[in-house]
Amino acid sequence: MPDETPDELALIERIKQKDATALAEYIHQHQSQLSGFVRSITGEHLLAVVEVDDLVQEISAAALSGLPTAPLDEYSPMDWLQQLARRRVVDAHRFHFDAKRRDANRQQSLNAGGSSGSSDDSAPGLEQLLAASMTSPSAAFSRDVRMMRMHAAVQSLGEEQRQAIQMRYAEGMPTKKIAEKLGKTDVSVRVLLSRSMRQLEKILADVRPTRG
């Protein structure tokens, strides 16, 4: 935040020292901002079955339990909370909709005679993870189209960009570790990832969901 007060800076420093009380206070002070962010990344399809306040409460609980290992040397408290929020929204979408989709696909396969084995139940790859983090869950109906487009978009990136994205979003590797593997600085890796994600978002603009 550009206009942090001395008290805010002191609170953030306590959080970086893994002070759970400070984190709880920070979340309370920024609950409105966090709620707004959660709402902005949660599609109407998911909002029909979950409450933003419930998601925020779950994110807060995850933050407090994960504080001892939080990468607060890499991210500000709010950036970290937003990362947790993205994961929680994706998890909520999978919980509420993916199981139903798999059941429907399985039933359709049975009705068709189950002639061949499907790879639909395989672990999600890079493209699925990226799509989940970049698009609204409300567009589940167009998932197949977006998956194909995502695959093509990722392949259009440079080799170094693909490597960085693979390590960050598919393997969950911290940017410092990626920097070591690519022989770059941490800052340059963050810039590379940010530029790559913007490039993907631009390529996929026509298949991103719209919010009414």
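The values are calculated or read from the model by the stated rules, or taken from the named source; none is laboratory data. For clarity, every value in this text was computed on a predicted model and none was experimentally measured. No Cβ is skipped: glycine too gets one built from the backbone with ideal geometry, and neighbour counts run over all protein chains shown. Surface areas here come from the heavy atoms of the whole protein model, side chains and all, with no ligands, DNA or RNA. Shrake-Rupley method; radii C 1.70, N 1.55, O 1.52, S 1.80 Å.
Take the residues of the range 37-49 that are under 16 Å from the mean Cα position of the chain (by Cα) and not in a loop (DSSP other than H, G, I, E, B): which is surrounded by the fewest Cβ atoms within 10 Å (Cβ to Cβ)?
Looking at residues that are under 16 Å from the mean Cα position of the chain (by Cα) and not in a loop (DSSP other than H, G, I, E, B), I get Ser40.
I'm trying to understand the selection: among the residues of the range 69-83, which are farther than 13 Å from Glu13 by Cα, among the charged types (D, E, K, R) and not in a helix (DSSP H, G or I)?
Within the range 69-83, Glu74 is the sole residue that qualifies.
If you check every pair at least six apart or on different chains, which have Cβ atoms under 8 Å apart with a residue in the range 189-205 that is open to solvent by 70 Å² or more (accessible area, probe 1.4 Å) first and a residue that is β-branched (Val, Ile, Thr) and in a helix (DSSP H, G or I) second?
Once the first residue is open to solvent by 70 Å² or more (accessible area, probe 1.4 Å) and sits in the range 189-205, its partners that are β-branched (Val, Ile, Thr) and in a helix (DSSP H, G or I) give Arg190/Thr175.
Residue under question is Gln57, and the condition is that it be open to solvent by less than 60 Å² (accessible area, probe 1.4 Å) and without any contact (Cβ under 8 Å) to a residue 12 or more places away in the chain; does it hold?
It is false that Gln57 is open to solvent by less than 60 Å² (accessible area, probe 1.4 Å) and without any contact (Cβ under 8 Å) to a residue 12 or more places away in the chain.
Rundown of residues vs (1) of a type in the set (A, V, I, L, M); (2) surrounded by fewer than 18 Cβ atoms within 10 Å (Cβ to Cβ); (3) at pLDDT below 85, yes/no style:
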| residue | (1), (2), (3) |
| --- | --- |
| Leu34 | yes, no, no |
| Pro68 | no, yes, no |
| Met78 | yes, yes, no |
| Gln83 | no, yes, no |
| Phe95 | no, yes, yes |
| Lys100 | no, yes, yes |
| Asn105 | no, yes, yes |
